[in-house]
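S.K.: If you scroll down you'll find the structure; I have some questions about it.
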Amino acid sequence: MKLLLINSFLHPRGGDTTLFFSEWAGWEARGVEVIPFAMRHPDNIVSPWAERFPVWRSPRAAATVPERVRAMVRATWNVEATGALRRLIRDVRPDAAHAHHVHRHLTPAIFPVLRAAGVRSAWTLHDHELVCPNGLRYTGGQPCFRCQGGHYAAAVTHRCKDDSTPASLAVAVEKAIHRGLRRHLSPDVYIAPSAALLDGLSVDGLPSARCAHLPNLVEVDAAPGEHGANVIFAGRLTAEKGILVLAGLARAMPLVRFDVYGDGPAKPALLGLPNVRLWGARPRAEVHTALATAGAVVLPSLWQENQPYAVLESQLLGRAVIASAVGGVPEIVKPEVDGLLVVPGDVGELAAAVARCLGDKALAGRLGQAGRARVLANHGADRWFFRMGALLGIGSAA
């Protein structure tokens, strides 16, 4: 049994590749041959399949108007990627394909190629990019649903992509074309890790019969330890992740040590705060080791999170999680049961919740144990691969 595992990037970069690499190892352990397909990016892991990949070109590198036009066309329909995939399918004859992140790089143009070859395909959506030009449903510091239903002109007027009119125009045109060709560019099944994302797809017109809810597979490289006295944030340092809120929290709790793992453009907001230690982007195993003894973990996000690994991995390590009530987060954090939820952007409420967990280790332990039990029950490997195999039609072989 052969499975094409598709992602624009073949290196760790976020939730999409966290699931991608866990899935890869899991299928191989179950006797399925995995053939990766990605862009030929300089940061990729070494792969014997790399020569089969299309060349990666950064959309941000385009300087002249003709280059920008070519980049926009390539980000909408990557002809090189479709050709490379067609040749790969011809030579390896896969039984099924599972795609993760493909927007603006491999592009959804890969799905007609898979369909024409008779290869059943699934596409796991890790954010809102299928229906939202910037993928976040967040712009101008606020949640945003203006483009819902295909009203993508709003993305241009609000400069929702990189605060740039040209970039916003490019993604709005891309989304409009993909929406117009949605029937042609669809996989056999769309997979939403959170029910919140699934609901959003339904509201935006995707047929429910072709959409499935499959919570993320979660695995960690450490065991739960004692609760410390520190607070950890792990993730991208960007505005939508609530980094300004995190900075406010650190200022409001000067005697608490905050360990921050990750990097991004909002990093300057945390510089100079004496109780904040910036570790940068570190290997997952190192982050897991740190999480395993944290006093609490915070996720002060402002955007409509899907199903963040920052929460799931912390819970699997028995940590008390304090998170904003946004998107799919309330599905995995039940207040006073396996974590605490706060109003997005409310530094005072967040500080009070953190103080509770750090000041009451029995509470932190109870929340952490319940979170770990829930993740083990709902996000374990056996359950995930059984359901994914059924969606791909390879369950009996695995």
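Rundown of residues vs (1) closer than 19 Å to GLN142 by Cβ; (2) under 18 Å from the mean Cα position of the chain (by Cα), yes/no style:
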position: HIS288; (1), (2): no, yes
position: ALA323; (1), (2): yes, yes
position: VAL342; (1), (2): yes, no
position: LEU358; (1), (2): no, no
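S.K.: Check whether at least one residue in the range 63-72 is surrounded by fewer than 12 Cβ atoms within 10 Å (Cβ to Cβ) and closer than 20 Å to ILE110 by Cβ, and report yes or no.
M.R.: For the range 63-72, residues surrounded by fewer than 12 Cβ atoms within 10 Å (Cβ to Cβ) and closer than 20 Å to ILE110 by Cβ: absent.
S.K.: Additional query: Could you look through the range 2-52, keep only residues that are more than 23 Å from the chain's Cα centre (by Cα) and crowded, with 18+ Cβ neighbours inside 10 Å, and pick out the one that is farthest from GLY83 (Cα to Cα)?
M.R.: Step by step, filter the range 2-52, then rank; the result is VAL32.
S.K.: Next question, about the same structure. Out of curiosity, is GLY328 outside the structural domain of LEU201 (by TED's automatic domain parsing) and either among the basic types (Lys, Arg) or over 15 Å from the mean Cα position of the chain (by Cα) (or both)? If you could, list the steps in order and put the result at the bottom.
M.R.: Numbers: outside the structural domain of LEU201 (by TED's automatic domain parsing): yes; either among the basic types (Lys, Arg) or over 15 Å from the mean Cα position of the chain (by Cα) (or both): no.
Considered against the rule, which asks whether it is outside the structural domain of LEU201 (by TED's automatic domain parsing) and either among the basic types (Lys, Arg) or over 15 Å from the mean Cα position of the chain (by Cα) (or both), GLY328 comes out as no.
S.K.: Is it true that GLY205 is modelled with pLDDT under 95, buried (at least 20 other Cβ atoms within 10 Å of the Cβ) and not assigned by TED's automatic domain parsing to the domain that holds ALA296?
M.R.: On the way: modelled with pLDDT under 95: yes; buried (at least 20 other Cβ atoms within 10 Å of the Cβ): no; not assigned by TED's automatic domain parsing to the domain that holds ALA296: yes.
Here the answer is no, as GLY205 does not meet what is asked.
S.K.: Only one residue in SER186, SER121 is more than 30 Å from PRO265 (Cβ to Cβ) and part of a loop (DSSP other than H, G, I, E, B), so which one is that?
M.R.: Values: SER121 fails: part of a loop (DSSP other than H, G, I, E, B).
Within the list SER186, SER121, the selection yields SER186.
S.K.: Right, another one. So, of the residues in the range 46-74 that are assigned to a helix (DSSP H, G or I) and among the hydrophobic types (A, V, I, L, M, F, W, C), which turns out to be farthest from VAL92 (Cα to Cα)?
M.R.: Checking each candidate, the answer is VAL65.
S.K.: Could you tell me whether the range 309-316 includes any residue that is at pLDDT 95 or above, of a type outside the set (Phe, Trp, Tyr) and assigned to a loop (DSSP other than H, G, I, E, B)?
M.R.: Initially, the range 309-316 is screened for residues at pLDDT 95 or above, giving 309-316.
Subset that is of a type outside the set (Phe, Trp, Tyr): 310-316.
With assigned to a loop (DSSP other than H, G, I, E, B) added as a condition, the list becomes none.
Looking through the range 309-316, none of the residues is at pLDDT 95 or above, of a type outside the set (Phe, Trp, Tyr) and assigned to a loop (DSSP other than H, G, I, E, B).
S.K.: Same structure again: If a residue has to be part of a loop (DSSP other than H, G, I, E, B) and buried (at least 23 other Cβ atoms within 10 Å of the Cβ) to count, how many in the range 324-343 make the cut?
M.R.: Initial filter on the range 324-343 (part of a loop (DSSP other than H, G, I, E, B)): 325-328, 333-334, 336-338, 343.
If we keep only those that are buried (at least 23 other Cβ atoms within 10 Å of the Cβ) as well, we get 326-328, 333.
Result for the range 324-343: 4.
S.K.: Right, another one. Taking the range 157-197 as the region of interest, how many residues are surrounded by 21 or more Cβ atoms within 10 Å (Cβ to Cβ), over 12 Å from PRO133 (Cβ atoms) and without any contact (Cβ under 8 Å) to a residue 40 or more places away in the chain?
M.R.: Qualifying residue count, the range 157-197: 0.
S.K.: Taking into account only those residues within the range 1-42 that are acidic (Asp, Glu) and either modelled with pLDDT under 95 or not in a strand (DSSP E or B) (or both), which is farthest from PRO308 (Cα to Cα)?
M.R.: GLU28
S.K.: In the list ARG257, ARG251, ARG282, ARG277, which residue meets the criterion of being touching a residue at least 24 places away in the same chain (Cβ under 8 Å) and surrounded by fewer than 19 Cβ atoms within 10 Å (Cβ to Cβ)? Walk me through how you get there before you give the answer.
M.R.: On the way: ARG251 fails: touching a residue at least 24 places away in the same chain (Cβ under 8 Å); ARG282 fails: touching a residue at least 24 places away in the same chain (Cβ under 8 Å); ARG277 fails: touching a residue at least 24 places away in the same chain (Cβ under 8 Å).
The unique qualifying residue is ARG257.
S.K.: Are there any pairs with C-beta distances below 8 angstrom linking a residue in the range 86-107 that is touching a residue at least 60 places away in the same chain (Cβ under 8 Å) and more than 15 Å from LEU185 (Cα to Cα) to a residue that is polar (S, T, N, Q) and surrounded by 20 or more Cβ atoms within 10 Å (Cβ to Cβ), with the two at least 6 apart or on different chains, and if so which?
M.R.: What qualifies is ALA96/SER121.
S.K.: Shifting gears a bit: Would you call TRP49 in contact with a His (Cβ under 7 Å, 6 or more places away or on another chain), under 30 Å from TRP27 (Cα atoms), assigned by TED's automatic domain parsing to the domain that holds ARG13 and among the aromatic types (Phe, Trp, Tyr)?
M.R.: Against the criterion (in contact with a His (Cβ under 7 Å, 6 or more places away or on another chain), under 30 Å from TRP27 (Cα atoms), assigned by TED's automatic domain parsing to the domain that holds ARG13 and among the aromatic types (Phe, Trp, Tyr)), TRP49 does not qualify.
S.K.: From the list LEU317, LEU302, exactly one residue is within 16 Å of the chain's Cα centre (by Cα) and touching a residue at least 40 places away in the same chain (Cβ under 8 Å). Which is it?
M.R.: Of LEU317, LEU302, the one residue that is within 16 Å of the chain's Cα centre (by Cα) and touching a residue at least 40 places away in the same chain (Cβ under 8 Å) is LEU302.
S.K.: When the range 123-141 is examined, which residues are found to be over 16 Å from the mean Cα position of the chain (by Cα) and either at pLDDT 90 or above or outside the structural domain of ARG210 (by TED's automatic domain parsing) (or both)? Spell out how you get there, then give the answer.
M.R.: Taking the range 123-141 and keeping what is over 16 Å from the mean Cα position of the chain (by Cα), we get 139-141.
Of everything in the range 123-141, just one residue is over 16 Å from the mean Cα position of the chain (by Cα) and either at pLDDT 90 or above or outside the structural domain of ARG210 (by TED's automatic domain parsing) (or both), namely THR139.
S.K.: Of (1) crowded, with 19+ Cβ neighbours inside 10 Å; (2) farther than 25 Å from VAL173 by Cβ, ALA84 satisfies all except one. Which?
M.R.: (2)
S.K.: Also, quick follow-up: Of the residues that make up the range 75-94, is at least one within 21 Å of ARG159 (Cα to Cα) and either modelled with pLDDT of 90 or more or part of a strand (DSSP E or B) (or both)?
M.R.: Pass one, the range 75-94, residues within 21 Å of ARG159 (Cα to Cα): 75-76.
Checking which are either modelled with pLDDT of 90 or more or part of a strand (DSSP E or B) (or both) leaves us with 76.
Yes, because at least one residue in the range 75-94 is within 21 Å of ARG159 (Cα to Cα) and either modelled with pLDDT of 90 or more or part of a strand (DSSP E or B) (or both).
S.K.: Quick one: ARG115 ticks every box in (1) surrounded by fewer than 23 Cβ atoms within 10 Å (Cβ to Cβ); (2) part of a loop (DSSP other than H, G, I, E, B); (3) more than 13 Å from the chain's Cα centre (by Cα); (4) not aliphatic (A, V, I, L, M) bar one, so which box is it?
M.R.: (2)
The values are calculated or read from the model by the stated rules, or taken from the named source; none is laboratory data. These numbers come from a predicted model, not from an experiment. Virtual Cβ from ideal backbone geometry, glycine too; neighbours counted across all protein chains shown.
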